[in-house]
Each structure stands twice: as structure tokens, then as C-alpha cells.
1. Return yes or no: is GLY370 assigned to a helix (DSSP H, G or I) and on the phi > 0 side of the Ramachandran plot?
2. From the set of residues in segment 322-363 that are open to solvent by less than 10 Å² (accessible area, probe 1.4 Å) and farther than 18 Å from LEU290 by Cβ, which is farthest from the chain's Cα centre (by Cα)?
3. Just a yes or no: is a residue in segment 380-394 β-branched (Val, Ile, Thr) and touching a Lys or Arg at 6+ places or on another chain (Cβ under 9 Å)?
4. Right, THR120: open to solvent by less than 10 Å² (accessible area, probe 1.4 Å), of a type in the set (Val, Ile, Thr), touching a residue at least 12 places away in the same chain (Cβ under 8 Å) and touching a Lys or Arg at 6+ places or on another chain (Cβ under 8 Å) or not?
5. Could you grab the pairs with beta carbons closer than 7 Å, sequence gap of 6+ or different chains, first residue in segment 195-208 and on the phi > 0 side of the Ramachandran plot, second one at pLDDT below 80?
6. Could you tell me which residue of segment 422-441 is modelled with the lowest pLDDT, considering only residues that are exposed (fewer than 14 other Cβ atoms within 10 Å of the Cβ) and under 21 Å from ALA356 (Cα atoms)?
7. Among the residues that make up segment 313-324, is at least one of them modelled with pLDDT of 90 or more and among the polar types (S, T, N, Q)?
8. Tell me which residues, restricted to segment 172-201, are within 19 Å of the chain's Cα centre (by Cα) and surrounded by fewer than 17 Cβ atoms within 10 Å (Cβ to Cβ).
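The values are calculated or read from the model by the stated rules, or taken from the named source; none is laboratory data. Given the structure is predicted, the values throughout are model-derived calculations rather than measurements. Glycine gets a Cβ as well: all are built from the backbone with ideal geometry, and neighbour counts include every protein chain shown. The area values use the complete protein model at the heavy-atom level, side chains included, leaving out ligands, DNA and RNA. Shrake-Rupley method; radii C 1.70, N 1.55, O 1.52, S 1.80 Å.
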Amino acid sequence: MSATETSRRRRLHPAWIVAAVAFLALVGAAGFRAAPGVLMVPLQQEFGWSTTVLSAAVSINLVLFGLTAPFAAALMERFGIRAVTATALVMIGAGSALTVLVTQSWQILLTWGLLIGLGTGSMALVFAATIANTWFSKSRGLVIGILTAGSAAGQLVFLPFIAMLAQDPGWRQASLLIAAGALAVVPLVLKFLKNSPADVGALPYGETAPEEGTAESTAAAGEPVESGSSSNAAVRALQVLKRASKVRTFWALVAGFAICGATTNGLIGTHFIPSAHDHGMPETTAAGLLAVVGIFDILGTIASGWLTDRYNPKILLAVYYQFRGIGLLVLPLLLSATVQPSMIVFVVIYGLDWVATVPPTAAICRKTFGADGSVVFGWVFAAHQLGAAAAALGAGAIRDATGQYTYAWFGAAAMCTIAAVISATIRKDAGAKEPVPVGAA
């Protein structure tokens, strides 16, 4: 085959094929993250469980979703992206399917909490960062934005159907829909999701071939590069945490991302529909509003990735958090039995801001920690989910104690202002430091 023919056949770089399958995998994994807010009311009506009990199940899920992430990143380095992703999707499917058999509250803790928490944790946002760092040398911010939008796309795809099925014929059919969505992507992952560019004889997108005989050419040819503790995923993840914990920027990102999780997955994702229901809004209408959030989330996250490639990520983070805080501050005034124009404005703004924080956060991790960046981002994401879990449980307790969510919304708005200040004060030279060596002690 001539060089010209080879060039034509490879006009579509394999990195983009991998990114497309990763996007679909994130769509399939996102079903459960849209479900709790929709399924919470039907479960309460059938079993009489309190908001606090169901919030506890969501909190367990969110904690595992976060704590699994750094270990999943290390497992992807050890066993490959494809194997970890396929296993995670199977766990999500199994957890969703088994949910239809629950009759006791502790059983929902095992399905919603344990199984789906471990599965979604392995498909967390660190997955997007790992794909971008492994397969792309340029436009990484844009790629992370596109992949992160997969979660929003999953919400957009599943949420309206989950809401309709939850009402008629019932929430069990909605759970089965989520299981089918996750399992449907597994064959595509096994066939098309490659572990590294070396598997297909290519270089990362945007990288030029080095001269023969150099160390870079050896690595590019697919020969393994020593990484110290990569043979043991758990040890690797913990060693990275130990190194990162000595860097001030790491703690700034942890604090900001914990608040990010509290104000997205923890509050809006879990309690927006029950809160709207408290104000007389039908669940399907509230679910439709969250689906609109998903539409603008896709646009906002991709735009944030594009901006991250061009502007200071810490400034972007500060702006995102502050706008989110303003939205939460006025939300209690906007909730009513019908959808008003002001609520549409809130949905659009909140959607654009939903996970726009991910590309700049991942970029700071990569620039500050170098080869450890993906695993560090996993730990930062763990903080995101711990914040989400605390907010999900706390808001449920506030609702049971006061009969409304108002204090939860106001508290979240104040936290966003704190996150904006923390992000703006990240050291200016954070991205200028030499990457921390992977094998450093």
C-alpha cells in the first residue's frame, strides 16, 4: 500500500474514534445519575421511605462514585481503559436491573449505593481526563469538554423517558431502561475502545513523530515506560495522593471541586425534582427542565474546553462558581407550580455552568502534576463526590426537618462564593512548574 493510500485511510485519526466510543460509554453510564431525582418520589409513595433514607442511598453512591475514581485511573493504567470501562458498565447495568427486586430500604443501599456507585465511579470524569491525556497532545481541553458533555447527553437521553416510565407503567421499568442503556454500549467498548495509540500503531493526536533512536521514539513505538508503582493500582493511587497533598494547588482544587459536587449532583441532581414537586410542579415537567439543563450543559462544557485551551483556567473557575452561586441564591424565588420565563433563564444559565468546571480543573491538574495528572484529577474528583454526598444527605435532612429546601439553596449559594475566591487565589505559577515525576518518592 502506498503512503498516499495509508494517509487517506488514516485521515480520521483513531483518537477521534476512541473519543466517540468513550462519549457513548459516558452516555450509557449517565442514566443512573439522572434517575434518583425522578425515582425518589415513586419509591416514597410505594414503600413509605423518608427523604433522608433515599438520600442516604444516593450519598453512598456519590461517595463510592468519588472514591473509586483515583483507583480507577490507576487501574486503567495497569489493566487498560477498555477492560475497566466494560466492567464498570456491566456493574451499572447489574445494579440498575437488580433495583427492581428491592423490598427493603437496606436493599436500595446495595443497588443504588454499592453496585452503581462502584460502576459509575470507574466511569467518572477521570475517565474523560485519561482518554484526553492518553490519546491527545493538542486540544485536550476541548476533548475533555466534549467527553464530559457525554454525561449531560445521557441525562438528556434518559431523563424524559425515566420520568414517563416512572409514572406509567412504573419506576421498575425506568430502572430496566437504565440497565439496558449501560449494557448496550459494552460491545462497542470491547471492539473499538483501544487502550493507547500504540495499540493501533499511531501517535497521540497532534503529536509529531520523533527522530529514530531517541527515547521518545521508543515510547512512541509502544514500548512500556516505567512508572514506578504502576504494577499496583492501589499503591500507585495512594502514592500520587501523598505527593499531591504536599502541593497547595491540590487542596485549592479539592475545596473548589467539593463545592462543585455539592451544588450539582448533590443538590440540583438529587433534589431539584422533589423540591419542584413540593411547589406543585408535576414530576415530568421538572424532569423536562433538568433535560434542558442537559442540553445547555453540553454546549457549556464544550465551550469551557475551548476556553480552557486559550485562557487562564483559574479565572474561568472563579467566574463559573460565582455565576452558579447567583443562580442558587434566586432559585427559591423561581420555583412554582408552572414554568415561568425566569425559571427558563435559570435552567439555561445553570446548564451552561453545570460541569464547565471540569476542563479547567483537569488542565490545572495536568499542568501542575504532569504524568500524575489523571490520577490527581481522580482524587480531586473524589472530593467532588464527597461534597455531593454530604449535600444530598444534608438537603434531605433539611427537607424532613423544615418541610422545604430553602435553607439548602441559600447555603449552597454561599459555598459557591467561597469556591470562587479559592479558585481565584490559586498560585499564578501553578501551571509553570515542572511536572512532578511519576516515580518520585
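1. yes
2. GLY325
3. No, that holds for no residue.
4. It is true that THR120 is open to solvent by less than 10 Å² (accessible area, probe 1.4 Å), of a type in the set (Val, Ile, Thr), touching a residue at least 12 places away in the same chain (Cβ under 8 Å) and touching a Lys or Arg at 6+ places or on another chain (Cβ under 8 Å).
5. What qualifies is GLY206/LYS138; GLY206/SER139.
6. In this case the residue turns out to be LYS428.
7. Yes, segment 313-324 has at least one match.
8. Hits for segment 172-201: nothing passes.
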